[in-house]
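Visitor: Structure provided below as structure tokens; questions to follow.
The values are calculated or read from the model by the stated rules, or taken from the named source; none is laboratory data. Note that this is a predicted model, so its numbers are computed, not measured. Cβ: placed from backbone, ideal geometry, glycine included. Neighbour counts: every protein chain shown. Accessible surface areas use protein heavy atoms only, side chains included; no ligands, DNA or RNA. Shrake-Rupley method; radii C 1.70, N 1.55, O 1.52, S 1.80 Å.
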Amino acid sequence: MQRDYVLQSFQRPVDLKIDYAAELNEQQLAAVTASPGPSLVLAGAGSGKTRTLTYRVAYLLEHGVPAERILLLTFTNKAAKEMMRRVSDLVATELAALWGGTFHSIGARILRSNAAVLGYRPEFTILDREDSETLLKACLGDLKEEGTSVVLPKVEVIADLISRAANERQTITRTVGKRQETWVKVAPILEQLARSYAARKRAANVMDFDDLLVLWLQLLEQHEEVRERYQRRFQWVLVDEYQDTNQIQSDLIDLLVAGHQNVMAVGDDSQSIYSWRGANFRNILDFPRRYANARLFKVEVNYRSTPEILAVANAAIAANTEQFAKSLTPARRAGMKPVFVPCEDGHQQAAFVAQRITELHEEGVSLPEIAILYRSHFHALEVQLELTRRGIPFVITSGIRFFEQAHIKDVTAWLKWVVNPDDELSFKRLVQLLPGVGPKAADKLWSAFGEAYRQRTPAADGSPVALAPLLIALRDKTPKKTASAWANFATTVAQIQDPEVAQRGGAIIQTVVEAFYEEYAGATFPNAESRLDDLEQLANYAGQFQSLTEFLTQLSLLNNMEAEAEQKDSARDDDRVRLSTVHQAKGLEFQVVFVIMLAEGLFPSGRSLESPIAAEEERRLFYVAVTRAKDELYLCCPLMRATPGMGLSLLQRSRFLAEIPEELLDRLNLRPANRWNSADTLDAASSSEDQGDAPF
């Protein structure tokens, strides 16, 4: 019966007001005018995905489908509002009855109407992250009162594990086994904690963000009458960015369309780069298997980039085995080839990027149309310094200021305190990383340490005072639960004061991470692996400096640059170059793009190479970087990089560069650099024009 209703909408004669054939290309038109049933639209980068979706909604409305029968699911409210606005403009009518929004907003709307079925009252409130963690802390308190004395991860980590398990539809035990093996032994207690947390939420008539999906799915799975009501209501379900759906979102869609299977999923498997956020790449890849009658539409005409850039993009993704075969085709005229730029090191790379930006700006390219993209924030440190030296304004897309993140401040506190044992703030930050030490205990320990340090006898040869014996002498002043950790703290301090280590910032960071911080990070941060990657890059960067003091000075400069950039960004978005990780640049486009640090272990990241699945996602990330460029693309690879304990190490060119046929790229050979202490002129030996230095 549902199927008959759907078919009738397309069988009636219709006087269309929109000339779809004139407004759309052939590929878009085929998807927009698809007959009822399951459809997967593979919309490549720059191919007009939003246009295809909005015209599809307009096409349904013009065929007499009531707006309230359509459900449009997106990943951001901004995207939903933009699509609704465009559809309203196309059909010249308001669409208040059309349901469009994020998965979570639609879930909240449905749960409000059906709360009683699940034992909730309709006026339930929705917890933010901080509220959720507060409630979890109360549950942890209950466990302690019951006599549980085992060491558990911090509440932020527990909250993340519970969330991941919910969205992946896995047990916490399985989730912990995949992500945080350190905590496998306490998984049963975490399961108990999750049950206690769920019971407290229900008793308080509150839901957290994950419940908006979890309970929505529970509602449909366990209550047939409700399920059938929404299946009848939503005869047409359209999903944007389908490659980013997690398991629970995919299951929700499958349930909603189980009767008529009238779903149009729009996405691009080649741009699936968010597995670390829970996205399940298999959802889009297995769509034709789950929907046996699915029609596959490929929208491959790219309106963004030149043919030369698209040739590189197609070559970049070709090596992935898990993908739908497709090829971006250009709608634009020919332009210049992308340029491969091998550089001596990160400093020469930065000098090249800064010099070329200066030239581009003089040629009339506005700075906001220029982007520098990288795999990890630390890859751009030399670039930040060089842009600052040359007076080239830039903005960093990084959310929280990078150097203000806890893991960076924690580890740099070790460096600061070793250099300057009188640094009270760094000492207190360090000791508060230890179990049982809070602000009051830190104050007492500082007083005791400060007194002992001031009374020490300076070494006759002027060498630094050995701090470990002073710490060991304070053992009796530490809280009981701190004793073991305090001994480890003192041992680590002794290791980093060893003459072979003491003046090498990279070696100190490595020692601190291995001896102490790796375990601490696993218990403290949901994204511990990512933070440890940051610290590895910080250690590599520190290896470039002759002394620890010089390195700390540079960190202060970079930190201040971030602060200034943030202040400017909050005041106005003026003429500035964009620095961004590739993840944060997805969905954006720029006239000129520089992709930097294209070396094995950097991009792709070293950790990703441990798994074929992760390596393929890393290749998709590179593909996303390439397809951000409209007119010019520069692929930069340093040949050397400083590493702790090894000095300069040779780097291997990224496999992603090696996979691109040489004839698709121009090569720019830079001349050896003699000095990079200031904004010197960049000499180059190539077929391109001579690159003279000019003030910005």
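Visitor: Report the GluC sites (Glu not before Pro) located in region 101-198 that are in a DSSP loop and have at most 10 other Cβ atoms inside 10 Å of their Cβ, or state none. Provide the component values of the computation, followed by the final result.
Guide: On the way: sites: 123, 130, 133, 145, 146, 156, 168, 181, 191; in loops: 123, 146.
Those that pass, being in a loop and sparsely packed, are 123, 146.
Visitor: Hey, how many Å between the Cα centroid of region 406-483 and the Cα centroid of region 222-297?
Guide: One Cα centre to the other: 55 Å.
Visitor: Taking the alpha-carbon distance from residue 481 and a cut-off under 27 Å, which lysines remain once sequence neighbours fewer than 8 residues away in the same chain are dropped?
Guide: Hits, sequence-local ones excluded: 137, 144, 154, 185, 409, 416, 428, 440, 444.
Visitor: Now, a different point. Report, in whole Å, the centroid distance computed from the Cα atoms of region 319-377 and region 84-136.
Guide: Each part's Cα centre sits 40 Å from the other's.
Visitor: Taking residue 81 as the anchor, which lysines have their alpha carbon closer than 16 Å to its alpha carbon, excluding any fewer than eight residues away along the same chain?
Guide: Reachable lysines: 49.
Visitor: In Å, the Kirkwood hydrodynamic radius of region 135-279 over pairs of distinct alpha carbons? Can you show the working numbers first?
Guide: Numbers: mean 1/r = 0.0584 Å⁻¹.
Here the Kirkwood hydrodynamic radius works out to 17.1 Å.
Visitor: Taking +1 at the Cβ of each Lys and Arg and -1 at the Cβ of each Asp and Glu, which of 538, 594, 67 sits farthest along the dipole of the chain towards its positive end, judged by Cα position relative to the Cα centre?
Guide: 67
Visitor: Using the heavy atoms of the protein chains and a 1.4 angstrom probe, tell me the accessible area per residue for the chain in square angstrom.
Guide: 44
Visitor: Suppose we keep just the DSSP beta bridges with both residues in the chain; what percent of those would be antiparallel, to 5? Mind dumping the intermediate values first?
Guide: Working: 7 of 56 bridges.
DSSP beta bridges in the chain are roughly 10 percent antiparallel.
Visitor: Ok, one more. May I ask you to list the lysines whose Cα is less than 21 Å away from that of residue 337, ignoring any residue fewer than eight positions away on the same chain?
Guide: The reachable lysines, counting only those whose Cα sits under 21 Å from residue 337, are 630.
Visitor: While we're on this one: At 222 nm, what helix-only mean residue ellipticity would the chain give, in deg cm²/dmol to the nearest 500, using -39500 (n - 2.57) for each DSSP H run of four or more?
Guide: -14500 deg cm²/dmol
Visitor: If you don't mind, another one. At 7 Å along Cα-to-Cβ for each site, give me the label-to-label distance between residue 447 and residue 290 in nm.
Guide: With each label placed 7 Å out from Cα toward Cβ, I get 6.2 nm.
Visitor: Farthest toward the dipole's positive end in the chain, which of 305, 99, 116, given Cβ charges of +1 (Lys, Arg) and -1 (Asp, Glu) about the Cα centre?
Guide: About the Cα centre, the residue reaching furthest to the positive side is 116.
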